[in-house]
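J.: Here it is, the structure in full.
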Amino acid sequence: MSDGKATVTKDGIRIYQEADFAGMHAAGKVAAQILDDIAPHVFPGQTTGQIDKLITEMVEASGSTSATIGYKGYHHASCISVNHVVCHGIPGDKVLKNGDILNIDVTVIVDGWFGDTSRMYVAGSLSRKAERLIQVTHDSLMKGIEAARPGNTFGDIGHAIQSYVEKNRMSVVRDFCGHGLGLVFHAPPNVLHYGRPGTGSTLEEGMFFTIEPMVNLGRPETKVLADDWTAVTRDKSLSAQFEHSIGITADGCDIFTLSPSGRFHPTYG
Ligand code: MF3
Ligand code: CO
Ligand code: CO
């Protein structure tokens, strides 16, 4: 990595070098491993604060650094967003009950590189409607990733996600987006999860960013609670999210945050 003379596009998007992919793979793997390892600790009766405490310990044990502790006044190693919480749920005394669905979002720093990923979990048994929401959200992320290749645009990614979600009669949240990352947590561009084909910046080899669609069973509108973090659906409908950190390669993309045990999707066993 050569931080001094970094290449940046006219839209302010940094172009990383081939050697930088290894740093992102290492960081992404640590974050993804933590999401694998936390799965057995999600069950009815558990609190979100206890889950976050375990994640804090896992971050320490991995030798990495939490990117979220101390970030803009945030104090936790994870965001845990239960049921109608869209994102940025603050871990605490909330006790999980049977059938609750939750997103756990972890970002770590390894040798300066940021690995940012989130997945859905269920406490106890999954209802049919929650299962469908989770499936569609997961698959919408993968549709976005399929569109992530040189020559395509960010609008192509957003369109792939939005059209898939709306075909399934669910809605895409507009108020939060993915982001560039790499040697920083949040960098240009804003990666919208909706859009029109051919619009936005063109994807180039060496761009690193997240795709992290939030999908609601009801309407897309959100509001942020008085704690200034917790975002919820305005209509109280159920919401789900999955997030990968990726890097554009010569002919497609690398996913930095693949599950080491292949358990990214909660119903895969
Ligand atoms: N990991 C989140 C993202 O996907 C950001 C969390 S910031 C925090 O961008 F401060 F809320 F943790
Ligand atoms: Co992110
Ligand atoms: Co995240």
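Nothing in this text is a laboratory measurement; each read-out follows from the coordinates by a stated rule. Small disclaimer: the values here were computed from a predicted structure and weren't measured. Backbone-built Cβ (ideal geometry, glycine too); neighbour counts: all protein chains shown.
J.: Charges only on Cβ, +1 for Lys and Arg, -1 for Asp and Glu: so what's the dipole of the chain about the Cα centre, in debye to the nearest 20? Intermediate results must be reported in sequence, preceding the final value.
T.: Numbers: 23 positive and 30 negative charges, 198 e Å.
Result for the chain is approximately 960 debye, rounded to the nearest 20.
J.: Now a separate question. Percent relative contact order of the range 12-255, based on C-alpha pairs within less than 8 angstrom and at least six residues apart? List each step's numbers first, then the result.
T.: Details: 623 pairs, mean separation 54.1, N = 244.
Here the relative contact order equals 22 percent.
J.: Per DSSP H run of n ≥ 4, the term is -39500 (n - 2.57); total these for the chain, divide by its residue number, and report the mean residue ellipticity at 222 nm rounded to 500 deg cm²/dmol.
T.: That comes out to -8500 deg cm²/dmol.
J.: Placing one identical point scatterer on every Cα of the range 175-240 and ignoring solvent, what is log10 I(q)/I(0) from the Debye formula at q = 0.19, 0.29 Å⁻¹?
T.: Log10 I(q)/I(0), no solvent term: -0.87, -1.25.
J.: Show which lysines lie in cross-link reach of K129 when reach means a straight Cα distance below 22 angstrom and same-chain residues fewer than eight apart are skipped.
T.: Cα-Cα hits under 22 Å: K97, K143, K167, K236.
J.: Tell me which of F209, A187, S163 sits at the most positive position along the dipole axis of the range 119-256, charges placed on C-beta atoms (Lys, Arg +1; Asp, Glu -1).
T.: With unit charges placed on the Cβ atoms, the residue in question is S163.
J.: I would also like to ask the following. How many angstrom lie between the Cα centre of the range 210-228 and the Cα centre of the range 77-129?
T.: Each part reduced to its Cα centre gives a spacing of 13 Å.
J.: Sticking with this one: Dividing the Cα radius of gyration by the Kirkwood radius, what Rg/Rh value follows for the range 83-156?
T.: That ratio equals 1.05.
J.: Still on this model: For the range 1-149, what Kirkwood radius comes out of the mean inverse Cα-Cα distance, in Å?
T.: 16.8 Å
J.: May I have the pair-distance distribution P(r) for the chain, computed from all Cα-Cα distances with 5 Å bins from 0 and rounded to whole percent?
T.: 1, 6, 14, 18, 20, 18, 13, 7, 3, 1, 0
J.: Still on this model: Picking from Y16, A39, S62, whose Cα lies most toward the positive end of the charge dipole for the range 1-62 (charges on Cβ: Lys, Arg +1; Asp, Glu -1)?
T.: Sorting the options by dipole projection puts first Y16.
J.: Working out 0.36 nm times the residue gap between H186 and A22, then minus their Cα-Cα distance, what length gain in nm do you get to one decimal?
T.: Gain on stretching H186 to A22: 57.1 nm.
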